[in-house]
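Report on the following structure.
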Amino acid sequence: MNVNNPFDLILTRLDQLQTTINDLSEHQQESHSTSESDPERLLNLTEAAELLRKPVGTVRHYIHTRDLPATKIGKSYLIKYGELLNWIDGFQDKKESTQPLSAMLANRKRYRKS
């Protein structure tokens, strides 16, 4: 009478599951890395918020007030990945070139107590 160890069956099944999970994760990483390099890829607000590391509401605010290039389709916005990166670079250039202290000092002079 041949008695099989039930734990051997469990261990082989676990090994099969582990190899399947490893293959799926490798495939997902490959597809994710190739899709990020495409500048024409469209992002929704959630994905753009992840890239900017800001809340979705802040990204929506940037669209309305800071000219973040986005296309409204229905009730949602889509943003091209390349345009988002260009906007970030341009925003950094604007931030360095403007002098917010001069505007703040002008307001202080304007509203100071005499």
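Computed quantities for the displayed model
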item	result
The one condition in (1) touching a Ser or Thr at 6+ places or on another chain (Cβ under 9 Å); (2) exposed (fewer than 15 other Cβ atoms within 10 Å of the Cβ); (3) of a type outside the set (S, T, N, Q) that residue 82 fails to fulfil	(1)
Qualifying positions in segment 42-78 - of a type in the set (Val, Ile, Thr), modelled with pLDDT of 90 or more, more than 14 Å from the chain's Cα centre (by Cα) and assigned to a helix (DSSP H, G or I)	63
Test for residue 39: is it surrounded by 10 or more Cβ atoms within 10 Å (Cβ to Cβ), modelled with pLDDT under 85 and outside any helix (DSSP H, G or I)	yes
Residues located in segment 40-52, provided they are free of Cβ contacts under 8 Å to residues at least 12 places away in the same chain and closer than 15 Å to residue 87 by Cα	49
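The values are calculated or read from the model by the stated rules, or taken from the named source; none is laboratory data. Quantities reported herein were computed from a predicted structural model and do not represent experimental measurements. For neighbour counting, all protein chains shown are included, and Cβ atoms are generated from backbone atoms with ideal geometry for every residue, glycine included.
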